[in-house]
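Step one of this worksheet: look at the structure below.
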Amino acid sequence: GARIALLTRDLRIHDNPLLSGDGEIVPLFVLDPRLAGLSANRQRFLHQCLADLRNTLRERGGDLVIREGDPVAETVRLAREVDATEVWVAGDVTDYAQRRERRLREARLDLTVTPGVTVLPAGAVRPGGGGDSYRVFTPYWKAWEKTRWRVPAATPRKIAMPDSIAAGTLPELPAGDSPDAIPGGETEARRRLRSWMREISRYDDEHDDLAADNTSRLSAYLRFGCLSPLELALAAKADDSPGAQAYLRQLAWRDFYYQVTAAFPKISTEAMRPKADTGWRYDEDAFQHWQDGLTGVPVVDAGMRQLRAEGWMHNRARLITAAFLTKHLGIDWRLGLQWFFRWLIDGDVPNNSGNWQWTAGTGNDTRPYRKFNPIRQAQRFDPQGDYVRRYVPELKGVDGVAVHQPWRLPGLDYPGPLESHRDEAVWLRA
Ligand code: FAD
């Protein structure tokens, strides 16, 4: 009988283990009503991915079957309809994914769980001396780099699908929230991958430069599996420039947080170090200023506005804005995490939560009390002020690095550092 390939966040044909191998395949995506809980930006991106994948599969003689409802119930129903004997799904680490996998097993389907959402599956490397996961990145990175990765799956040239399956229609493309969001889909992802591989050697020098904006911007494609992390890692490994090596290390961070999440599934709501999870303030007004990009600290404001405009933020700006919220305003990291999650196209549980906990000092940082002085960060990583001027039009007329401290400039109508918190903002002038 045929095999159902239950696609989840592996929306590509290239080296997708679910689509490799012989025999008839029924590629299925189930629109879970729970996906309505995805942010508007991610919903739009997801639909673009699905439309693109459907085209690609059709070009290869197959199709993407779309169903709506509970993924497990719909898979069982389709399996009966087409007399499928097997179901394949990618292994994943979140609570949601684990529950889905458990329920698929309970449904007595012949289930195969394939690797694919990370380079190394969670648990593939374990710390010496016991323990189910690495808590600290550097030893993880060392083990990760040394481990032999799996061989990429073959990309199917033809998809053999049983006849007479109603493919189902794809709902209309939902509107996103961010006007400058990148479009989803494997075709677009591969185009960007090709141009990124020409830039990658500059990554070590420039990845922290806010204005140069020379990072891959492939995170959302990884999030939805339009590209496989294994393919990126192999490409980076084959290129021995320092840029490619630095890039490889970032990909290992992504795997790192997946294996942390597998061991600590409550990562988005519970602190990994409960002792550090105290004393948060709940200051609506300050939080609102932060969300709106009106804190009065230009580099923070630029980051927060980039987030809304593009559904993406530069990593350095994510660090600065997250540290500003948690370490300076003292506001609960969970609130910041939710706000990021509402906007980020690449937003996912392991990376968003892992990085928020790292920044808040409740997670895996080996120096949990580190502070980021946003002004110094700005001077260092946006030395000409171009990043700020790009996202904060009120400051367009201010030349050079002076743009980072508008309160020093006479006659400028820019809010002071969190006006309602002036007294707490003395450090800003340090
Ligand atoms: P590049 O610089 O090109 O990096 C290459 C890839 O490595 C990225 O695509 C990403 O998959 C991975 N990567 C890079 N940095 C990290 C990191 N610190 N942790 C984990 N993986 C990393 N990344 C997400 O994918 N989803 C999130 O929800 C997310 N939330 C974040 C929240 C905060 C507070 C912070 C500080 C960082 C967060 N990151 C998140 C990590 C990082 O900022 C983004 O992965 C990166 O900015 C994406 O842009 P890029 O593809 O150009 O990255």
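Just a few scattered comments:
- Condition met for Lys266 (in a helix (DSSP H, G or I) and among the charged types (D, E, K, R)): no
Quick grid of which residues meet (1) among the aromatic types (Phe, Trp, Tyr); (2) within 14 Å of the ligand (Cβ to nearest atom); (3) at pLDDT 95 or above:
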| site | (1), (2), (3) |
| --- | --- |
| Gly225 | no, yes, yes |
| Asp240 | no, no, no |
| Gln245 | no, yes, yes |
| Gln250 | no, yes, yes |
| Phe256 | yes, yes, yes |
| Thr269 | no, no, yes |
| Ala276 | no, no, no |
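- The residue that is nearest to the ligand (Cβ to nearest atom), counting only those in the range 200-223 that are free of Cβ contacts under 8 Å to residues at least 40 places away in the same chain and in a helix (DSSP H, G or I), is Tyr221.
- In the range 342-354 there is no residue matching the filter, namely being without any contact (Cβ under 8 Å) to a residue 12 or more places away in the chain and either buried (at least 19 other Cβ atoms within 10 Å of the Cβ) or not assigned by TED's automatic domain parsing to the domain that holds Phe224 (or both).
- Boolean, Phe324 is within 9 Å of the ligand (Cβ to nearest atom) and under 27 Å from Pro179 (Cβ atoms): no
- Here Gly336, Gly243 are screened, and the one residue that is in the same structural domain as Tyr203 (by TED's automatic domain parsing) and outside any loop (DSSP other than H, G, I, E, B) is Gly243.
- Among the residues of the range 30-38, none qualifies, meaning not one is assigned to a helix (DSSP H, G or I) and either modelled with pLDDT of 95 or more or crowded, with 19+ Cβ neighbours inside 10 Å (or both).
Residues are listed down the side, and each one gets a yes or a no for (1) modelled with pLDDT of 95 or more; (2) more than 16 Å from the ligand (Cβ to nearest atom); (3) over 25 Å from the mean Cα position of the chain (by Cα):
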| site | (1), (2), (3) |
| --- | --- |
| Ser353 | yes, no, no |
| Val388 | yes, yes, no |
| Tyr391 | yes, no, no |
| Pro415 | no, yes, yes |
| Asp423 | no, yes, yes |
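- Residue check, Ala189 more than 26 Å from Arg380 (Cβ to Cβ) and touching a Lys or Arg at 6+ places or on another chain (Cβ under 8 Å): yes
- Residues located in the range 355-386, provided they are in a helix (DSSP H, G or I), under 24 Å from Ala276 (Cβ atoms) and away from the ligand (no atom under 13 Å from the Cβ): Pro374, Arg376
- Scan of the range 176-185 for residues that are at negative phi and either among the small types (Gly, Ala, Ser) or assigned by TED's automatic domain parsing to the domain that holds Ala236 (or both), ordered by number: Gly176, Ser178, Ala181, Gly184
- Residue in the range 157-179 that is within 12 Å of the ligand (Cβ to nearest atom), more than 30 Å from Gly62 (Cβ to Cβ) and not small (Gly, Ala, Ser) present: no
- Qualifying positions in the range 122-135 - surrounded by fewer than 20 Cβ atoms within 10 Å (Cβ to Cβ) and in contact with a Pro (Cβ under 9 Å, 6 or more places away or on another chain): Ala124, Pro127, Gly128, Ser133, Arg135
- When residues of the range 360-386 are limited to those that are of a type in the set (S, T, N, Q) and closer than 20 Å to Arg305 by Cα, the one farthest from the chain's Cα centre (by Cα): Gln384
The values are calculated or read from the model by the stated rules, or taken from the named source; none is laboratory data. In this text the structure is predicted, and so the values were computed from the model without any measurement. Heads up, the Cβs are rebuilt from the backbone with ideal geometry, glycines too, and the neighbour counts pull from every protein chain shown.
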